[in-house]
1. Can you tell me the orientation of helix B:300-312 relative to chain B, as the angle in degrees between its alpha-carbon axis and the longest Cα principal axis, to the nearest 10?
2. Can you sort B:Thr615, B:Thr264, B:Thr404 so the residue with the fewest Cβ neighbours within 10 Å comes first?
3. If you wrap the stretch B:474-652's Cα atoms in a convex hull and average its projection over all directions, what's the area in nm²?
4. Rg to Rh for chain B: what is it, with Cα atoms only and Rh by Kirkwood?
5. Volume per residue, Å³, of the convex hull around the alpha-carbon atoms of the stretch B:471-561?
6. Just flag the trypsin sites (Lys or Arg not before Pro) in the stretch A:119-227 sitting in loop per DSSP whose Cβ has no more than 14 other Cβ atoms within 10 Å.
7. Which is farthest toward the positive dipole end of chain B among B:Met192, B:Leu79, B:His28, measuring Cα position about the Cα centre, with Cβ charges +1 (Lys, Arg) and -1 (Asp, Glu)?
8. Could the peptides B:157-170, B:560-573, B:437-450, A:98-111 be put in order, highest first, of the mean number of other beta-carbon atoms found within 10 Å of their residues?
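None of the figures in this text is laboratory data; all of them are computed from the coordinates on show. These numbers come from a predicted model, not from an experiment. Counting neighbours? That spans all protein chains shown, and the Cβs are built from the backbone with ideal geometry, glycine included.
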Amino acid sequence: MTEAAAGDTLLAVEGISLQFGGVTALSDVSFDIKRGEIRAIIGPNGAGKTSMLNVINGFYHPQRGAIRFRGRDFSRMHPGFAARNGIARTFQNVALFRGMTTLDNLMTGRALKMHRGFLWQLLRYGPAMDEEIVHRRVVEDIIDFLEIEAIRRVPVGRLPYGLQKRVELGRALAMEPELLLLDEPMTGMNLEEKEDMCRFILEVNVQFGTTIALIEHDMGVVMDLSNRVVVLDYGRKIADDVPAAVKQDAAVIAAYLGVAA
Amino acid sequence: MTIGERDTFPKLLVLNARRFSGRPAFRHKDRGIWRGWSWAEVEREVRAYALGLSRLGLKRGDRFAIIGTNRPKLYWSFLAAQWLGAVPVPIYADAIADEMGYVLGHAETRLAAVEDQEQVDKILAVSERAPALEAVIYDESRGLRDYDHARLHAIDEIIADGRRALAEDPAFNAWLDNELVAGSADDVCVIMYTSGTTGRPKGVEIVSGRAIAAVSDSIAFDRFTERDEVLAYLPLAWVGDHYLTYCQSLVAGFCVSCPESPETVQENMREIGPTYYFGPPRVFETLLTATTVRMADAGAIKRALYRFFIAHARRYGEKILNREPVPPHARLLYAIGQFIVYEPLKNALGFSKVRVAYTAGEAIGPDLFSFYRSVGLNLKQAYGQTEAFILVASQADDQVRADTVGPLMPRVELRIAEDGEVQYKSPGQFLGYFRDAAKTAEAMTPDGYIKTGDAGFLDQAGHLHIIDRSKDVGRLRNGALFAPKYIENKLKFFPNIREAVAFGDGRDFVTCFVNIDLTAVSDWAERNGVTYGSYQELAGHERVTALLADHVRAVNRDLASEPATAGARIRRFLVLHKELDADDGELTRTQKVRRRFIAERYARLVDALYSDVDTVDIATEVMFDDGRKGTIAARVKICDLAPAAAASELVDA
């Protein structure tokens with residue numbers, strides 16, 4: 001896709017520590033995400049998974065540690081910079097514009113790529129219209145991809161939860177990200193919706209070559225989807241390996257089952 | 001090039017490309033935009049497609065499976081295959097892999113054109129049962145990137161390959177013209193597998209010339225032209241869709257629009273505004289229920305307007321549509337209603353421009369049927385069979401009645417056999433079941449009539465009534481025809497009656513059980529000051545019995561109006577003390593009554609109906625929702641309908 005081939009490190013976090021007052025959310029966490037892989041971050045509740053994603057896309061600023069993205073070092077990331085440089089995400093609790101339609105929500109995903117000024121946009125004429133057509137085409141491809149044609153004009157607040165999650169994935173895809181961060185994309189879904197979502201995640205990865213980092217509780221999903229898994233517990237990294245190996249790891253079993261290893 | 005006779009569908013395509021070259025032939029909504037193809041463009045695409053298929057090895061006489069939803073390229077697959085003299089075999093997109101494997105194997109299809117990955121996966125799963133299958137071509141490439149493409153191609157590639165070959169060597173044009181002209185009226189143009197309720201599906205072979213003759217009759221019947229519009233939403237492998245969106249479109253030259261996805265059909269209907277529509281009764285019922293529910297949520301003014309104008313339409317709407325005399329003030333009010341309620345309602349349902357709408361497949365409730373007619377939708381009924389390809393009877397615009405399927409179509413010969421079975425010969429009738437001479441022989445009479453398995457009769461006006469499956473039709477002891485489902489349906493059309501079970505085969509007269517509809521009857525009870533404590537008490541109330549007796553009398557009057565059914569009037573009936581329930585085995589899971597089981601379970605009640613007693617005590621074991629069992633004991637009263645009159649009527653029946 002870009003400068004480097006698949007298999008290179010796209011993003012690495014090194015020695016990340018994050019504290020809120022006296023509470024340590026992350027302590028000395030390091031791992032990398034390779035270009036083109038699906039990387040899962042798992043761990044019990046409160047292990048620091050969402051904090052880790054927030055550090056990666058710049059919502060939280062760690063006290064220590066560095067983020068290496070596309071070969072450049074950052075001591076902290078900024079959400080705007082992350083978004084402009086190909087990092088998109090979805091949220092654990094859907095964060096869409098509830099009063100807006102599916103189509104409009106997806107179009108907001110294109111906002112960073114629209115260059116015409118506010119007044120042009122207001123006129124919806126000439127260059128602004130041409131630009132909108134280009135972006136609309138991208139969005140329509142995503143609508144087709146996610147099979148949400150039937151809800152194009154429905155305000156997202158009226159959609160069932162599973163579909164809202166799908167729309168949110170669509171909005172992240174509209175940014176044409178290089179790295180997609182998914183925070184529990186399957187929570188609150190029934191089996192069929194989960195299967196659909198798995199299929200979409202795999203297809204995004206295969207068809208667009210998008211690198212994906214996801215947090216997920218459903219172990220079946222994690223083991224099926226991901227290439228490598230990093231396990232956090234109380235803010236520390238306790239394992240980092242391929243799914244089969246992680247499943248056998250004594251520390252991981254202990255963390256999940258709460259028994260001494 | 002001269003195409004000669006109009007006896008194959010590809011020839012009609014070429015003809016349409018000349019007659020209506022710039023007019024739209026197909027539309028498909030993709031990426032939120034309606035994209036269209038003119039007849040001339042479709043001809044070019046199909047020529048290239050046919051050549052591409054022949055380069056893939058498809059030859060005259062080969063079978064070619066087509067599987068998917070309503071998409072232009074799948075309809076073109078029929079045309080391209082027929083161009084080469086190959087026989088398309090459409091298969092239901094929702095068929096499970098096992099059924100698909102059976103049809104692919106039985107038809108020995110050499111190629112299959114499918115919609116997407118889902119269908120490719122199913123075919124790959126059963127490929128060892130279809131040894132003749134050489135390659136699969138697909139419309140939607142998504143998810144297929146990593147598949148082995150040795151025997152897998154995109155339809156677009158096949159068309160592009162044909163186009164390239166045509167550009168390189170113009171001699172292919174002449175070759176294609178020859179292939180087109182080689183097609184004849186005697187070619188089998190399609191094999192439609194019908195899902196039998198028992199046993200394996202049978203492949204109905206339809207003949208090109210006969211199909212075009214039958215379809216031409218139907219085009220003239222409803223005066224379809226190239227300016228009509230349809231939306232293709234019915235299953236591609238169902239004979240009705242093939243007839244309506246493929247055959248009729250090619251004969252009349254009208255445009256077929258393919259929806260964006262199966263979920264967007266309603267929205268796409270509104271966008272396209274079809275002039276011709278077909279829906280099974282269930283679809284009309286769902287639409288009406290959705291409308292009623294939405295109206296219940298509407299504001300008070302809207303609700304009042306809706307109720308007022310729908311009531312007015314119920315009174316005069318059908319008469320206006322049937323061009324019967326109506327007082328001028330009623331006509332004026334109807335016109336206002338059209339503006340305020342009827343047209344907006346039809347618009348919301350996508351029926352604004354519908355000129356001809358049909359329903360068929362099963363009996364439609366007269367209330368439901370007249371609702372749509374009363375708001376100005378020209379809804380009609382028809383009766384047909386795959387083997388007839390397709391229409392046997394159909395209602396003309398001025399001959400619409402809720403209780404018949406209409407007069408016979410032109411050139412259909414029909415007779416009623418000894419046992420009441422409807423038998424016919426039709427201009428489009430099938431050649432036989434593919435590779436199944438035994439079943440073909442079973443389906444025909446020795447003198448060449450096709451047996452429908454349906455019992456029916458022709459009334460004095462020449463309308464065909466379908467009353468039941470002929471195997472379920474019995475006779476009273478005096479020889480009168482007894483069609484239980486026909487009687488039960490007539491009873492069930494009353495909202496107060498939920499279920500009915502009729503008895504009479506081999507008896508002296510007809511009797512029946514009825515089940516009250518709790519919602520409707522409790523509503524009635526509230527309005528009429530009838531108090532009750534339980535279902536059983538309400539069902540046993542004498543005023544409820546009187547109410548139902550009125551309904552039964554009305555059905556009897558209706559039955560008496562036709563000589564064929566006059567003997568089967570209901571003499572005695574009772575209101576059941578418990579609701580018939582699938583949990584107790586009394587209904588099937590699809591809510592059909594299991595007549596024989598009920599007759600055994602309630603043998604005491606049946607015996608009582610055929611005796612002189614007026615009341616019976618009965619205890620019935622029931623299964624509760626939580627799995628516990630219990631007994632309901634009741635005293636059931638039997639209602640005798642004017643015995644003296646009934647006896648005298650029986651004499652003249």
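1. 90 degrees
2. Working: B:Thr615 10, B:Thr264 17, B:Thr404 21.
Fewest-to-most ranking of B:Thr615, B:Thr264, B:Thr404: B:Thr615, B:Thr264, B:Thr404.
3. Details: hull surface 41.3 nm².
For the Cα atoms of the stretch B:474-652, the hull's average projected area reads 10.3 nm².
4. Working: Rg = 27.9 Å, Rh = 27.6 Å.
When Rh is taken as the Kirkwood radius, the ratio is 1.01.
5. Values: hull volume 9.1 nm³, N = 91.
Expressed per residue, the convex hull around the Cα atoms of the stretch B:471-561 is 100 Å³.
6. Details: sites: A:Arg124, A:Arg136, A:Arg137, A:Arg152, A:Arg153, A:Arg158, A:Lys165, A:Arg166, A:Arg171, A:Lys194, A:Arg199; in loops: A:Arg124, A:Arg152, A:Arg153.
Counting only loop positions with at most 14 other Cβ atoms within 10 Å, the trypsin sites (Lys or Arg not before Pro) in the stretch A:119-227 are A:Arg124, A:Arg153.
7. Checking the options against the dipole of chain B, the answer is B:His28.
8. Details: B:157-170: 16.1, B:560-573: 20.1, B:437-450: 13.1, A:98-111: 18.4.
The packing order, highest mean first, is B:560-573, A:98-111, B:157-170, B:437-450.
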